[in-house]
Amino acid sequence: MFRPPCCPYRSCPRHCSPGSDFFVRFGFYHPRCRPRPVQRFRCRTCRRTFSRQTFRLDYRDQRPDLNPRLFLSIASGLGLRQTSRNLGLSLRCTELKFRKIARHLRRLNLNLRGLLPIGSVLQFDELETYETRRNTRPLSVPVLMERTSRYVIWAESAPIRPKGTMTKARRRAIREEERRFGPRKDLSARSVKRVLKRGAELARGLPVVVFESDEKASYPAHARSTFGAGHVVHRRTNSRLARGAWNPLFPINHTEALARDLMGRLRRESWLVSKKRRYLDLGLQLWMAYRNLLRRRFNRDEESPAERLGFAERRLGPGELLSWRQDWGKDSIHPSSRRGTPISRRRRRRAA
Ligand SMILES: [Zn+2]
């Protein structure tokens with residue numbers, strides 16, 4: 001039976017230190033979107049009421065039943081408009097649901113991770129895409145992953161300056177953009193640093209960090225400053241080497257190809273496009289959760305990448321990914337718990 005792990009109100013002292021008997025059961029209510037009644041509770045300290053639903057991601061959602069379908073649809077390469085047509089939702093509703101789900105999955109991804117096991121190897125690369133206009137607003141997306149498990153540690157987008165073949169029309173378009181918005185900033189170095197830092201947080205337990213990338217001139221300095229000069233072995237591969245399965249960077253190239261396939265907005269020669277890069281970042285979070293927690297590492301495998309690294313006990317289903325709210329860090333309820341056990345307590349129990 002479900003037990004609330006704490007009082008959900010942050011201002012209440014029972015939020016941080018709930019103790020064993022901080023609540024009383026306080027009847028039921030019958031939501032119109034659910035077949036079964038929902039248990040309500042009252043906090044003994046602040047005397048405010050809440051329910052099992054207060055701890056769910058779909059708290060206050062109008063159509064909670066559509067959340068898993070919406071998640072799977074976007075994680076399968078469809079765009080927001082086509083998803084809204086298929087589900088019979090308005091475009092606005094689909095957008096808002098997508099944002100809520102993606103922000104939730106970002107927290108879930110962070111809450112479930114622990115330290116990388118010995119023998120882990122980090123691989124890093126940057127892929128290019130754009131926001132709104134391919135000619136004038138290119139983006140760089142640094143991606144960091146663990147090589148053997150194919151666990152994607154982090155990916156985010158950064159604006160870069162237009163480069164490549166310049167036709168007359170393209171130069172004119174760039175001049176016009178600069179006149180309206182000022183020169184386009186190049187924030188890729190900053191975002192590479194942020195992505196590598198996410199890796200360093202997970203690699204704290206490793207005696208030495210093995211880091212693989214291509215030969216871009218700025219990477220060695222980034223690797224030394226993030227992981228520590230005496231603490232990193234940097235293996236570099238020429239990016240002109242053919243991209244077959246025997247290429248040392250095949251795992252990351254393959255993961256990027258997968259991302260381009262499963263995220264319509266990253267696909268080349270496609271009508272789908274991110275209009276603003278902050279929503280591309282949310283899309284990346286959704287894809288990372290799908291890749292790390294739900295999908296098998298390879299089709300022949302049973303395990304997900306997170307499972308191989310010991311971050312999850314098994315592959316999670318779409319319903320579990322979208323189950324409990326994750327905004328209380330590691331004190332949030334574990335996605336596969338039915339009774340309401342927090343992630344931290346479940347970890348401690350497993351370790352014992
Ligand atoms: Zn309370």
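Name the one entry in E320, E313 that is on the phi < 0 side of the Ramachandran plot and surrounded by fewer than 16 Cβ atoms within 10 Å (Cβ to Cβ).
E313
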Right, R85: surrounded by fewer than 14 Cβ atoms within 10 Å (Cβ to Cβ) and away from the ligand (no atom under 16 Å from the Cβ) or not? yes
Do we have H254 as out of contact with any helix residue (DSSP H, G or I) (no Cβ under 9 Å at 6 or more places or on another chain), of a type outside the set (D, E, K, R), outside any loop (DSSP other than H, G, I, E, B) and modelled with pLDDT of 95 or more here? yes
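Select, from D261, D281, the only residue that is within 26 Å of D214 (Cα to Cα), touching a residue at least 60 places away in the same chain (Cβ under 8 Å) and surrounded by fewer than 17 Cβ atoms within 10 Å (Cβ to Cβ). Working first, answer last.
On the way: D281 fails: surrounded by fewer than 17 Cβ atoms within 10 Å (Cβ to Cβ).
Only one candidate passes the filter, namely D261.
Looking only at residues in the stretch 1-29 that are of a type in the set (A, V, I, L, M, F, W, C) and surrounded by 18 or more Cβ atoms within 10 Å (Cβ to Cβ), which one is nearest to the ligand (Cβ to nearest atom)?
From the stretch 1-29, those of a type in the set (A, V, I, L, M, F, W, C) are 1-2, 6-7, 12, 16, 22-24, 26, 28; that's our starting set.
Now narrow it down to the ones that are surrounded by 18 or more Cβ atoms within 10 Å (Cβ to Cβ): 6-7, 22-23.
Details: C6: 8, C7: 3, F22: 7, F23: 8 Å.
By that ranking, first place goes to C7.
Name every residue in the stretch 233-256 that is hydrophobic (A, V, I, L, M, F, W, C) and either loosely packed, with under 14 Cβ neighbours inside 10 Å or closer than 15 Å to M288 by Cβ (or both), in order of residue number. Even if it seems obvious, please write down each step before you answer.
Restricting attention to the stretch 233-256, the residues satisfying the condition of being hydrophobic (A, V, I, L, M, F, W, C) are 233, 241-242, 245-246, 249-250, 252.
Result: V233, L241, A242, A245, W246, I252.
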Within the stretch 35-53, residues being open to solvent by less than 70 Å² (accessible area, probe 1.4 Å), in a loop (DSSP other than H, G, I, E, B) and away from the ligand (no atom under 13 Å from the Cβ) number 1
Residue under evaluation R32, criteria (1) within 10 Å of the ligand (Cβ to nearest atom); (2) more than 22 Å from H334 (Cβ to Cβ); (3) not aromatic (F, W, Y), criterion not met: (1)
Please pick out the residue among L139, L116 that is under 20 Å from the mean Cα position of the chain (by Cα), at pLDDT 95 or above and within 28 Å of S332 (Cα to Cα). L116
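The values are calculated or read from the model by the stated rules, or taken from the named source; none is laboratory data. No experiment lies behind these values; they were computed from the predicted model shown. Every residue, glycine as well, gets a Cβ built from its backbone with ideal geometry; the counts of neighbours run over all protein chains shown. Heads up: the accessible areas ignore ligands, DNA and RNA and are worked out on the full protein's heavy atoms, side chains in. Shrake-Rupley method; radii C 1.70, N 1.55, O 1.52, S 1.80 Å.
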